[in-house]
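Heads up, the thing below is written out as structure tokens.
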Amino acid sequence: MNSGISSGKTGTVRSHPGGALVSIAAAAGIVAGAYLLRGSLRQYEQLGYLGIFLISLIGNATIVIPLPAPLIAFVGGSLYQALPAGLTAAAGAALGETTGYLAGRGGRVMAGSSDRFRRLEKLMAQRGFIVLFILSAIPNPLFDLAGIAAGSVGMPFRKFLWATFLGKSVKFVTLAYLGSLVYVPTN
């Protein structure tokens, strides 16, 4: 019985057309919601760590439209304890990055089939966890393509989420710590 998903040595996944539409619609809905809510992000400042989480989630849910999620970790570290602020921002960021992953699960519609993307897919199929970890740990405006590649090769969602969270944790805890050096609140 053919489930509509096949996986060869390269790990390429062909999704069922209905699943592709659902995944792309979910990713588009999250991006549209994030874009529409971007002007009202100030209300989250009073929420402390929950605000850091929500702003980071929304900032990373956008595909290609940049929102200042790394800045949130930096500012969060200056206002609150650096380690929890960085980890909170990383958790929000990792969940937000699922939009790219879902777009990839939906098929190659969003990323196309360039030689560079095919190489990224091959690398993702072979060493996906470490590739995601490294690409999410460094400042990388093109991480969305890595998420799309992870989804398109059928990487398990939990593996994607853990690799992304751990990499974002390195980046955001570092930024939060740097923020704590710049400004220490006196209350």
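The values are calculated or read from the model by the stated rules, or taken from the named source; none is laboratory data. These numbers come from a predicted model, not from an experiment. Positions of Cβ are generated from backbone atoms using ideal geometry, with glycine treated the same way; all protein chains shown enter the neighbour counts.
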### Task
Scan segment 135-187 residue by residue and report those that are under 12 Å from the mean Cα position of the chain (by Cα) and among the charged types (D, E, K, R).
Asp144, Lys168
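One line per residue, one yes/no per condition, for (1) at pLDDT below 95; (2) of a type outside the set (S, T, N, Q):
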| residue | (1), (2) |
| --- | --- |
| Thr98 | yes, no |
| Gly104 | yes, yes |
| Arg119 | yes, yes |
| Leu145 | yes, yes |
| Ala150 | yes, yes |
| Gly167 | no, yes |
### Summary
A careful count of residues in segment 125-134 that are over 15 Å from the mean Cα position of the chain (by Cα) and buried (at least 21 other Cβ atoms within 10 Å of the Cβ) gives 1
### Message
Looking only at segment 133-168, how many residues end up being more than 16 Å from Ala103 (Cα to Cα) and of a type in the set (A, V, I, L, M)?
### Response
6
### Message
Can you report the number of residues in segment 135-161 which are of a type in the set (A, V, I, L, M, F, W, C), surrounded by fewer than 20 Cβ atoms within 10 Å (Cβ to Cβ) and either outside any helix (DSSP H, G or I) or touching a residue at least 60 places away in the same chain (Cβ under 8 Å) (or both)?
### Response
3
